[in-house]
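Asker: Below: one structure in structure tokens.
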Amino acid sequence: MTEAIDISVDFAGLRLANPVFTASGTCGYADELADFIDINQLGGFITKSITAKPRKGNPTPRIVETDAGMLNAIGWANVGLDKFIEEKLPVIEKLSVPVFINVAGETISEYIAVVERLAAEQTIAGFELNISCPNVEKGGINFGTDPEQVKEITSAVKKTCGGKMLMVKLAPAVTDISVIARAAVEAGADALSLINTFTAMVIDIETRRPVLANKTGGLSGPAIKPIAVYLVNKVYNEVAKQRRIPILGMGGIRNASDAIEFIIAGASAVAAGTANFIEPGCAVKIIEGIKKYCISHNITNIKDLVGSLGTG
Amino acid sequence: MPEKNSSSDKGQFCATVRANKQIGGRFYRLDLEFQAAAAKTFAKFRPGQFAEFDLSNTALPPAEKIPEDLTDAAGRNVLLRRPFSFVDVNAKKDKTLAEVLYCVVGPASLRMTTLAAGDSVSVIGPLGNGFWVPEGKKRALLVSGGMGAPPLLHLAKVLTGDYPDIEVIAFAGAKTAKDLPFEKQLDGISQQLGFTLPEFAKYGINSQVATEDSSAGFAGMVTDCFKQWLENSNLARDSAIIYACGPEPMLAQVAEIAKEKQIDCQISMERRMACGIGICQSCAVLCRVDGSQETVYKLCCEDGPVFDSKEIVFSG
């Protein structure tokens, strides 16, 4: 019976075996979760943020738990492009799952430096442009809140990505996310991923200081899920649907029910993020859960579920 | 106990609670039996390694059992797993028994107190690198502060069992006698080094207690107690090694003493962490790059939690 259900997804021309990804920064560079899951079972995999030069990241504490969520301020700690190519790419080459590189930088030329070097790599399916990270002084979200800058960076990267898929990751805390989404799409984005984390703060009332060394961090986890579902639905209705741009929906997804909400809202694919820290095998369980839902709801092709939100 | 850095061999396991006993004040001992599949990985478990416990679905104790200072924190949801070291691990054939000695400090450890015999708990482990024993060591000096004692108690057991040539001496400190995570009453503990703490004495290890308020043992910091002992001993520094676990300011002091006396020293660090498996990058520890002024962040969960004290750049 399960075989009769088609949960494969056409994601901007790329056929994915199923709609479930792991979100950037929650599953390492490549195969770090190998002790827990077979990463090749996923629909897609997104690396942590890669920058042109290595970055040490922010001082500690870098995380703090909140009610139904957590704040992180890692600051793009990563090995840098050279070491990524030397050490991590050979691991990625052995994977059959489509791999997307999350690209970050302080300047447009840094983003381009990463994309240019990786554009010719056969093993990479595409790029996720991080213009929404709230935990860095320069770059990141500073590009992602102004439609003109979104256009500029998206079109510049699009020119260098060698025909590979370009997905733009959106920040949630903007006046109108559809304006940003439209800017990205008009500048050449093949897909949109949303949402990144919300800038937030936790205060230690004994010391009267922020708990995080960075003072603020990005709020993720179940706490942001209803907002993420709303924003995915908004972008789907106002931008993505007419232009046939697929959405990778994320924000607090822990299980299949959460994932299905996003799909109904308009996401063609979904990503588990914070939940990977708690249940490293959750993404595979979500795939199974989606199949079961389709069976029990007589859905033979998951595309019939995408954006199927009733409003009457 | 093999040399440092065995290959990572971890998994997600189910453990059944055998007992969960309050041993005094806010200290408890949780006695676990792991599912049979855990035996292979836990057979290689070394003192100082740790595991991540999922306590998000564990119930809170009734309101009257919640300490007043934790009433607000108690109501907070627990989302992330919590890292715990072990005070004892016994992995034989397909049977893996492990004990956690924990202190109630927040919403997760408060929930942990309600685990009862027969309950099951999800555990990811073993994680990180534990303590290791370099060649030629004849004397091991264990220095703990407050809740730093459990992994050192485990180390004490392994050292006395597997390294009969190494003489072990323990120093355990805390703010007050009540903050020492030991089962027995500490009244009348002498200031002399002797068979004082039953938890160490059962392995034939001499120990000394230090309390900042002089409620038990040496009056002052455990680092002062340890330093005083070092001054009076004729320790052969090459064949000695210090193992320390406790609050960071205390560890910084121990590292300083080790440097001054030129004694090898391993330190177990603590950081806020989410995943425990090297993914989230939260638990960064600032470390020196060999023989240079350069520094780099290593991960407490994957590169540690046990580090060579010379590596660590302590803050403040």
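The values are calculated or read from the model by the stated rules, or taken from the named source; none is laboratory data. What you see is a predicted model; the values in this text were computed from it and never measured. With ideal geometry, Cβ positions are generated from the backbone for all residues, glycine too; neighbour counts draw on all protein chains shown.
Asker: Going through the range B:72-109 one residue at a time, which ones are within 14 Å of chain A (Cβ to nearest Cβ) and not in a loop (DSSP other than H, G, I, E, B)?
Answerer: Scanning the range B:72-109 gives B:D72, B:A73, B:A74, B:R82, B:P83, B:P107, B:A108, B:S109.
Asker: For a quick check of your reading: which strands (runs of 3 or more DSSP E) sit entirely within the range B:189-288 and have at least 1 residues that are modelled with pLDDT of 95 or more and under 21 Å from the mean Cα position of the chain (by Cα)?
Answerer: B:240-245, B:264-268, B:284-288
Asker: Could you please let me know if A:S268 is buried (at least 24 other Cβ atoms within 10 Å of the Cβ) and polar (S, T, N, Q)?
Answerer: Numbers: buried (at least 24 other Cβ atoms within 10 Å of the Cβ): yes; polar (S, T, N, Q): yes.
The answer is yes for A:S268.
Asker: Here is a follow-up. Go through (1) part of a loop (DSSP other than H, G, I, E, B); (2) within 14 Å of chain A (Cβ to nearest Cβ); (3) at pLDDT 95 or above and name the single condition B:A51 misses.
Answerer: Result: B:A51 passes all but (1).
Asker: Could you list, in sequence order, the residues of the range B:259-298 that are surrounded by fewer than 18 Cβ atoms within 10 Å (Cβ to Cβ) and among the polar types (S, T, N, Q)?
Answerer: Correct list: B:Q262, B:S292, B:Q293, B:T295.
Asker: Out of (1) touching a strand residue (DSSP E or B) at 6+ places or on another chain (Cβ under 6 Å); (2) surrounded by fewer than 22 Cβ atoms within 10 Å (Cβ to Cβ); (3) among the hydrophobic types (A, V, I, L, M, F, W, C); (4) under 21 Å from A:A73 (Cα atoms), the odd one out for A:A213 is which?
Answerer: The number of the failed condition is (1).
Asker: Just to verify a result, which residue in the range B:46-63, among those that are among the charged types (D, E, K, R) and closer than 18 Å to B:S120 by Cα, is surrounded by the fewest Cβ atoms within 10 Å (Cβ to Cβ)? So that I can check it myself, show each step before the final result.
Answerer: Initial filter on the range B:46-63 (among the charged types (D, E, K, R)): B:46, B:52, B:54.
Checking the rest, the ones that are also closer than 18 Å to B:S120 by Cα come to B:52, B:54.
Details: B:E52: 25, B:D54: 19.
This residue is B:D54.
Asker: Looking only at residues that are among the β-branched types (V, I, T) and more than 8 Å from every other protein chain (Cβ to nearest Cβ) in the range A:43-65, which one is nearest to A:A17 (Cα to Cα)? It would help to see each step written out before you state the result.
Answerer: Let us first name the residues in the range A:43-65 that are among the β-branched types (V, I, T), namely A:46-47, A:50-51, A:60, A:63-64.
Narrowing further to those that are more than 8 Å from every other protein chain (Cβ to nearest Cβ): A:46-47, A:50-51.
On the way: A:I46: 15, A:T47: 18, A:I50: 25, A:T51: 29 Å.
Per the criteria, the residue is A:I46.
Asker: Here's another thing I want to ask about it. Between a residue in the range A:289-310 that is farther than 14 Å from A:A259 by Cβ and any residue that is of a type outside the set (S, T, Y) and loosely packed, with under 14 Cβ neighbours inside 10 Å, which pairs come within a Cβ distance under 9 Å, given they are 6 or more apart or on different chains?
Answerer: Between residues of the range A:289-310 that are farther than 14 Å from A:A259 by Cβ and residues that are of a type outside the set (S, T, Y) and loosely packed, with under 14 Cβ neighbours inside 10 Å, the close pairs are A:I295/A:M1; A:I295/A:A4; A:T300/A:A4; A:K303/A:D10.
Asker: Taking the conditions exactly as written (more than 20 Å from A:K234 (Cβ to Cβ), modelled with pLDDT of 95 or more and basic (K, R)), does A:K138 satisfy them or not?
Answerer: Values: more than 20 Å from A:K234 (Cβ to Cβ): yes; modelled with pLDDT of 95 or more: no; basic (K, R): yes.
For A:K138, the condition - more than 20 Å from A:K234 (Cβ to Cβ), modelled with pLDDT of 95 or more and basic (K, R) - is not met.
Asker: Here's a follow-up. What are the residues in the range A:17-42 that are away from chain B (no Cβ under 13 Å) and acidic (D, E), if any?
Answerer: Our first condition is that a residue be away from chain B (no Cβ under 13 Å); within the range A:17-42, this holds for A:17-21, A:38, A:40-42.
Hit for the range A:17-42 is A:D38, nothing else.
Asker: Which condition does A:D6 not pass, out of (1) in contact with a helix residue (DSSP H, G or I) (Cβ under 8 Å, 6 or more places away or on another chain); (2) surrounded by fewer than 22 Cβ atoms within 10 Å (Cβ to Cβ); (3) within 14 Å of chain B (Cβ to nearest Cβ), if it passes all the others?
Answerer: With respect to (1) in contact with a helix residue (DSSP H, G or I) (Cβ under 8 Å, 6 or more places away or on another chain); (2) surrounded by fewer than 22 Cβ atoms within 10 Å (Cβ to Cβ); (3) within 14 Å of chain B (Cβ to nearest Cβ), A:D6 is out only on (3).
Asker: Just to be sure before I move on: is A:I253 under 21 Å from A:E128 (Cα atoms) and in a loop (DSSP other than H, G, I, E, B) in the structure I sent? Break it down stepwise before answering.
Answerer: On the way: under 21 Å from A:E128 (Cα atoms): yes; in a loop (DSSP other than H, G, I, E, B): yes.
Considered against the rule, which asks whether it is under 21 Å from A:E128 (Cα atoms) and in a loop (DSSP other than H, G, I, E, B), A:I253 comes out as yes.
Residue-wise test of (1) assigned to a helix (DSSP H, G or I); (2) farther than 30 Å from B:G106 by Cβ; (3) not polar (S, T, N, Q).
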site	(1), (2), (3)
A:V185	yes, yes, yes
A:T199	no, no, no
A:K215	no, no, yes
A:L219	no, no, yes
A:A223	yes, no, yes
A:I227	yes, no, yes
A:L231	yes, yes, yes
A:N237	yes, yes, no
A:G249	no, yes, yes
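Asker: Determine which single condition B:I279 fails, assuming it passes every other condition in (1) within 14 Å of chain A (Cβ to nearest Cβ); (2) under 18 Å from B:A170 (Cα atoms); (3) β-branched (V, I, T).
Answerer: (2)
Asker: Restrict the check to the range B:68-79 and report whether at least one residue is surrounded by 21 or more Cβ atoms within 10 Å (Cβ to Cβ) and either in contact with a strand residue (DSSP E or B) (Cβ under 8 Å, 6 or more places away or on another chain) or under 17 Å from B:R272 (Cβ atoms) (or both).
Answerer: Step one: list which residues in the range B:68-79 are surrounded by 21 or more Cβ atoms within 10 Å (Cβ to Cβ), which gives B:78-79.
This time we only want the ones that are either in contact with a strand residue (DSSP E or B) (Cβ under 8 Å, 6 or more places away or on another chain) or under 17 Å from B:R272 (Cβ atoms) (or both), so: B:78-79.
The answer is yes, given that some residue of the range B:68-79 is surrounded by 21 or more Cβ atoms within 10 Å (Cβ to Cβ) and either in contact with a strand residue (DSSP E or B) (Cβ under 8 Å, 6 or more places away or on another chain) or under 17 Å from B:R272 (Cβ atoms) (or both).
Asker: Hey, another quick one. Of these, B:Q293, B:Q266, which one is away from chain A (no Cβ under 11 Å) and touching a strand residue (DSSP E or B) at 6+ places or on another chain (Cβ under 6 Å)? Break it down into steps so the answer makes sense when it comes.
Answerer: Numbers: B:Q293 fails: touching a strand residue (DSSP E or B) at 6+ places or on another chain (Cβ under 6 Å).
Answer to the selection: B:Q266.
Asker: So, one more: How many residues are under 18 Å from A:A275 (Cβ atoms) and basic (K, R) when one looks only at the range A:45-78?
Answerer: Matching residues across the range A:45-78 total 1.
Asker: What are the residue pairs meeting all of these: first residue in the range A:56-68, first residue within 15 Å of A:P134 (Cα to Cα), second residue among the acidic types (D, E), Cβ atoms under 8 Å, and 6 or more apart or on different chains?
Answerer: Here the result reads none, with nothing in the range A:56-68 linked to a residue that is among the acidic types (D, E).
Asker: Another question about this same structure. Scan the range B:266-316 for residues that are within 30 Å of B:N234 (Cβ to Cβ) and in contact with a Phe, Trp or Tyr (Cβ under 8 Å, 6 or more places away or on another chain) and jot them down. Walk me through it before giving the result.
Answerer: Here is the first cut: in the range B:266-316, the residues within 30 Å of B:N234 (Cβ to Cβ) are B:266-268, B:306-312, B:314.
Of everything in the range B:266-316, those that are within 30 Å of B:N234 (Cβ to Cβ) and in contact with a Phe, Trp or Tyr (Cβ under 8 Å, 6 or more places away or on another chain) turn out to be B:Q266, B:I267, B:S268, B:V306.
Asker: Only one of B:A116, B:A63 is free of Cβ contacts under 8 Å to residues at least 24 places away in the same chain, away from chain A (no Cβ under 14 Å) and hydrophobic (A, V, I, L, M, F, W, C). Can you tell me which?
Answerer: Numbers: B:A116 fails: free of Cβ contacts under 8 Å to residues at least 24 places away in the same chain.
Just one listed residue meets the conditions, B:A63.
Asker: Mind listing whichever residues of the range A:282-300 are exposed (fewer than 14 other Cβ atoms within 10 Å of the Cβ) and either within 14 Å of chain B (Cβ to nearest Cβ) or not in a helix (DSSP H, G or I) (or both)?
Answerer: Within the range A:282-300, A:H297, A:N298, A:T300 qualify.
Asker: Within the range A:66-81, work out how many residues are away from chain B (no Cβ under 11 Å) and farther than 22 Å from A:A119 by Cα.
Answerer: Residues meeting the conditions: 0.
Asker: Mind listing whichever residues of the range A:158-177 are closer than 18 Å to A:I101 by Cα, part of a helix (DSSP H, G or I) and out of contact with any strand residue (DSSP E or B) (no Cβ under 6 Å at 6 or more places or on another chain)?
Answerer: A:K159, A:T160
Asker: Pairs, please: C-beta under 7 Å, at least 6 apart or cross-chain, first residue of a type in the set (K, R) and in the range A:93-122, second modelled with pLDDT of 95 or more and surrounded by 18 or more Cβ atoms within 10 Å (Cβ to Cβ)?
Answerer: Close Cβ pairs satisfying both conditions: A:R117/A:L81.
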